[in-house]
Structure formats: C-alpha cells, structure tokens
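Here the structure comes first, spelled out in structure tokens, and everything after it is commentary.
The values are calculated or read from the model by the stated rules, or taken from the named source; none is laboratory data. The structure presented is a predicted model; accordingly, all values stated were derived computationally and were not measured. Ideal geometry is used to build each Cβ from the backbone, glycine not excepted, and the neighbour counts take in all protein chains shown. Keep in mind that these areas ignore ligands, DNA and RNA; they rest on the heavy atoms of the full protein, side chains included. Shrake-Rupley method; radii C 1.70, N 1.55, O 1.52, S 1.80 Å.
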Amino acid sequence: MRLPNGARRVLELFLLASPGLVACAVASAPRAPLADSVDESARPNFVVFLVDDLRFDMLGFAGHPFVETPHIDRLAREGTQFTNAFVTTSLCCPSRASLLTGLYAHQHGVTTNLGIELGPEHTTFPMLLSGAGWDTAFVGKWHMGDGADPRPGFDHWVSFDGQGRYFDPVINENGDETEVEGYVTDLLTDRALAWLDARRDAGDADPFCLFVSHKATHTPMAPAARHRGRYASASIAAPPSAGDDLAGKPEILRRAASFGWETADIEAHANDPVPESVPAPAWDIRSYVQAYLETTLSVDDSVGRLIAKLEEQGVMNDTVFLFASDNGYTFGEHQAPDKRLAWEESIHVPFIVYAPGRVDAGAVLDDIVLNIDVAPSLLDWAGIDGAESMAGRSFVPVLAGNAPDWRDHFFYSYFREHNLLGIPTTLAVRTKEWKYVRYPESLEPNEELYRVDRDPFELTNLAAEPDARETLDELRAMLAGSMQETAYAVPEHARPPSFTPIENAAPVTIALDGDEPLRLPAKLLAGRAFTFGLELAASDGLVLQAGRPRNGLTLSVEDGRPVLEIVARARTRRVVGPPLDASAPTTRVDAGLDLTGRAFVRVGSEELRSPLSMPALTATGNALVVGTNQPELHGVDWTVVGE
C-alpha cells in the first residue's frame, strides 16, 4: 500500500531500548520536487550500504528514544523507507548471498556461516552490472567461503577474512593483505571514498556500483573510541518478551532455553524431561545493548561521509543509495540466542531507498520487501537483463505506485547447523497480519501462530486455538505452496538421520530355546532402522543388548517400564516407555529406531519417543544377545524397516 503524499502514518514500533512500549509517529513528508538534473532514463550509479545485525527498531527515524543516527535519519526523511522489510534467512552468509543473487538460501547453496562459498554457477548483480559497463567495487565484510581474496564481479576489492576485527584489522586490497591501524568502520569508509575519488580523478564517466558491507554491528560489539560510553547513563530496559516463559510454545524452544543452544548442551541433556514452561532468567545484558547502540554510531558517520562525498562530486542525483541490514538481532527476547529463528527482532530489518529525483522524499511504504528483491531491483533500474531466473522481484514498480499484484506474504527458512543443535531447522510464512512458524524436525506440536499486528512481541501462540484453525490451515497452505514454488530442499549438512523405508518389511521371529540367551550378529543392525516386537512381563531385567557401550543398544525393564537406550557416534537416546500391565502375564512392547532416527518405545497404543534424532549404529563385532535375564521372554519379532 502506497501512502498518499502529505499523509501522516503512525507506526507502532516496539523498542527494546525503551522504558516500556514506545509508540512513535513517523511522518510521511510532503513529496520533494524531482531534481531538474535527473535523467530517469540514464544509467544510475548504485551504492548498496549493508550493516551487520542491525535490527529494524534501533535507529532514530524508527522511533528509538535516544540513539543518534542523523545521517541515516536523513536518508529516511529524504528517501523512501519500507516498514515491512525482511530477510529470507536471518544469518550473515545466507542473507548476503541472497542479496547478491536474488535467490533463497536453498537455491544458492550458502546455507550456513561455516565456510560455504557462493558457487560459480550463480550470477550476482555486480557480475551483471560489470558486464554491462558499470565500474564495481566491494568494500567490507564478505564472509562467504575462506579467505579474503577478491571475488568475481568486482573491479576493486577491499575485504578481510571471516568476521575480521574491529581494531587494527588485516585488510585485503585487490589481493594484497596488510594490517592497518585504526577502527574498521572508519577504515572501510576511507577506502570507499578513496575509490570514488580515484574514479573522479581519472575522469571515469562510466556508472558505478559501490557495495559497502560493514562489520558493525556484529558481536562482539566494540564502539569507536569517540563513541565509547556515550550511552552509559541512558535508560535501557528489558523488552516485554524477555519475560517469555515459552509456555504453549514448541518443545524444542523450551528444551534449548532449559539446557542451552549448543550441540554439546543439547546432547548432554537429550534424555532429560522438558518443563512445560521455562522461567526467564533476569535480563542482565544492558551493557551489551549499550555497546551495540554505540557501535551503530560509527555506521551513521559512514553514511554521512559517503553522502557528503557523492554530493561533493555532483553525482548524488545520479545515484541510488540503498540502506539495509543482513538480518536483525535479539537481545533476550523469548530467551533466544541471537538471530536465526523467525522472531520479528531477528528477521525484520531497516530498508531505505534514497535516490533524489527517483523516489518520493519522506514516503513510508508498508509493502513487503525482501533481501532477495535487491538484485532484481538494481537490474531493473539499470535496464539490463538477468533477473528472470531470480526468486526476488523488482520493487521499482512499488516505489512508483504501480505494483497492484505485489506479494501479500513471504517465505522464511533457516537450516540447523551442526554446532547449534538447539536452534532447529525453521520454516515460516508471514503476512502483514499473521506469522506461521513450523519446526519440521521437532516433536509435535511443532507449530507457532501469531497475530503479529496485534501481538507484536509474539507472546501468545495461537496454533492450538480452535478459533484460529481456519487461519492456521490457510498459512499452512501458503507455506506448502512457497516450498513447492521455490523447490525447497534441505541441504545435506542440515538433514537429520533418516532411512529409506523398506517396502513390505516383514518381521522375522527369533525363537528362543528355553531360558538360554540367543546370540545373533550385531552387524545386522548397522545402518538400519529397526523394530523389536516383544511380549514382556512386568518383572525387571535386561531383555536384549547389542554392540559396545559406545555403539550399541539395550532394552530392559526397570520399575515395570520398558527402557530402550541406544548409543551411536557419541549420542545417547534413552526412552522410558509407558508402564507394563502388571496384572497380565505379558504385555506387547515395540521398541527401536524409526525412519527419522528417533528411538521409541510403544506399549499397546501408547508411545513415547526421543525428541531428538540420532545416527544409526555402526557395524560392530559384538553379538546381539536376546533374552539375557528375562525368563518370561519366549520370542522376539525383529523387523528391519529402513536402511
């Protein structure tokens, strides 16, 4: 929806760093007259200014009560801001690759921060601009793959390895690495300005594309010396959702909040019960937020210096300046760790287009725009082909008020990383009013539904509410459609253990000879999903065992309950099943490893299973011993159901 000129629109922005809820009115300023010197048919210059981890509500123009960002505020005041701007994966590398290619993470393949380089089969907008005659430069954080060497598509290159460092960084300039004294945000800005000056001094008349990609405000936040302590006495309060006890939210979120988000923590407590609610810890990260806000100040300085340079050179009216962030960040909301998950603070980003004479000054648009829209939009402005194979869409018609069929929802995904098992693979769809989230690998109920226009802090999960069932089904269908439309696929690193079902799998009965245990080759279990079916008495004892302590399984009866424990590749899953019927001679029990890699125990119609999956057993020379000391056990049905 395009707001009319001169209209005022009240945006309810709920801010972390405020003493309660802050409702701030953002005025849509009167439309500025188009600059006489602008030739809208000419090939424009582009400046893409990308900040790291900067969330949507941490800027002055967005209503923050005290952070000082006058230069960014000017962009919003004299340009067009999108209030519904989001990323399709809230993580540095995937988001940056999406911005460059116009593709979702599962399409371009950069699905983690763990050293995946953007493949040569994928074309970026700088490649296409360069091929069409634009001078291109990259200055800042690349992060994808290993090393800081120049990447394709850029005539000029300034970067650093990985996350780099805030002070005295090692900078790679066109292949030459040097440790440079100073503060990284200032140093990167210096080099961006130097490149612009070099072009001017050489009389270069070609259009240019300058991509400035700052390290700030990534952790560990470290403000410049001139800004350190600026907000030491500011009032910084906990956000309302910092007190979320996660009651009514999926088990995996409560599990991680209880035990930790890292894989080692999750594995150490894999068999522990998870409470229905997790009292939130005291919010004690005020200094952390202060450092974040103070680090933002140098980013604002950088914007100011770049705009001043473009004006000094007389090219501002020929330039489209796009300000955005690679993702947001959480500061204690929902007991979440940083980003990745689909909380608003994680996926919602600032997004401003400042282009004097090309876009409305002071316009505030609530159309949904995404990071994958940047590439096709710049190509649209440039008038060159290449966006046809992109998943994103050009928002240039939206800026012109000529996009009646613009999207009404978007698709979000995150793929779990091997070192952070507590942050699950996440799928979501969001409209302007609703958000639906599903954790496909987690135990059901694994869905969330929020009316985000009325519940902006996402405190009340409506997924189980009967009155919301129609909406839930609609959003489920939206998610399924988005997954099909984008050819969604889980990358190998994020796939849980799984097995190919064996069709018409038939049980093999293992007959026992009296009370003597039976020994079978344990290698028959290696790499397979399987089920043991038994008739068990309610007397305690070891029923069967296989393999070794670090690679094997046991099934026993403890306190009248069947207990299955499987150990493989340093992962242990222990499932205590429902109680056996003590009044019956025996009770039917089924136990094993299912096709999703979860251990389970079923007594009659009641089943319990491990909340986390695990890899299959590996081959072992030890025997599978059946009937160890359960005298009432007379036979076992053994079915291999997958491999």
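Of all residues being more than 21 Å from the chain's Cα centre (by Cα) and surrounded by 13 or more Cβ atoms within 10 Å (Cβ to Cβ) in the range 477-505, which is farthest from GLY109 (Cα to Cα)? Just the residue, please.
ALA505
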Just checking, how many residues over the range 167-181 are open to solvent by 20 Å² or more (accessible area, probe 1.4 Å) and either at positive phi or touching a Phe, Trp or Tyr at 6+ places or on another chain (Cβ under 9 Å) (or both)?
8
Among residues of the range 65-90 being open to solvent by less than 10 Å² (accessible area, probe 1.4 Å) and farther than 29 Å from ARG230 by Cβ, the residue nearest to the chain's Cα centre (by Cα) is THR89
For HIS334, only one of the following conditions fails: (1) over 14 Å from ALA85 (Cα atoms); (2) touching a strand residue (DSSP E or B) at 6+ places or on another chain (Cβ under 9 Å). What is its number?
(2)
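Matching residues to (1) among the hydrophobic types (A, V, I, L, M, F, W, C); (2) open to solvent by 10 Å² or more (accessible area, probe 1.4 Å); (3) at positive phi; (4) within 19 Å of the chain's Cα centre (by Cα):
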{"residue": "TYR439", "(1), (2), (3), (4)": "no, no, no, yes"}
{"residue": "ARG451", "(1), (2), (3), (4)": "no, yes, no, no"}
{"residue": "ALA463", "(1), (2), (3), (4)": "yes, yes, no, no"}
{"residue": "LEU475", "(1), (2), (3), (4)": "yes, no, no, no"}
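Scanning the range 517-532 for residues that are under 20 Å from PHE600 (Cα atoms) and in a helix (DSSP H, G or I), which turns out modelled with the lowest pLDDT? So that I can check it myself, show each step before the final result.
First, pick out the residues of the range 517-532 that are under 20 Å from PHE600 (Cα atoms): 522, 524-532.
Still in the running and in a helix (DSSP H, G or I): 522, 524-525.
Values: ALA522: 59, LEU524: 67, LEU525: 74.
That would be ALA522.
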Kindly indicate whether PRO120 is open to solvent by less than 30 Å² (accessible area, probe 1.4 Å) and either in a helix (DSSP H, G or I) or under 20 Å from LEU379 (Cβ atoms) (or both).
no
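For (1) on the phi < 0 side of the Ramachandran plot; (2) out of contact with any Leu (no Cβ under 8 Å at 6 or more places or on another chain), each residue gets a yes or a no:
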| site | (1), (2) |
| --- | --- |
| LEU187 | yes, yes |
| ARG199 | yes, yes |
| LEU210 | yes, no |
| HIS218 | yes, yes |
| ALA222 | yes, yes |
| ARG228 | yes, yes |
| LEU246 | no, no |
| ILE252 | yes, no |
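What do you reckon, is THR620 in a loop (DSSP other than H, G, I, E, B), surrounded by 14 or more Cβ atoms within 10 Å (Cβ to Cβ), in contact with a helix residue (DSSP H, G or I) (Cβ under 6 Å, 6 or more places away or on another chain) and at pLDDT below 65?
yes
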Selection status of ILE372, β-branched (Val, Ile, Thr), more than 19 Å from THR124 (Cα to Cα), touching a residue at least 24 places away in the same chain (Cβ under 8 Å) and open to solvent by less than 10 Å² (accessible area, probe 1.4 Å):
no
Is it the case that some residue within the range 185-208 is more than 23 Å from ARG55 (Cβ to Cβ) and part of a strand (DSSP E or B)?
yes
If we keep just the residues of the range 380-427 that are of a type in the set (A, V, I, L, M) and surrounded by fewer than 18 Cβ atoms within 10 Å (Cβ to Cβ), which is modelled with the lowest pLDDT?
ALA403
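Which of the following residues is modelled with pLDDT of 95 or more and outside any loop (DSSP other than H, G, I, E, B): ALA62, ALA137?
Exactly one residue qualifies, and that residue is ALA137.
Here's the yes/no breakdown for (1) farther than 25 Å from PHE259 by Cα; (2) part of a loop (DSSP other than H, G, I, E, B):
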residue: VAL398; (1), (2): yes, no
residue: ALA403; (1), (2): yes, yes
residue: TYR412; (1), (2): yes, no
residue: ASN419; (1), (2): no, yes
residue: SER442; (1), (2): no, yes
residue: PRO445; (1), (2): no, yes
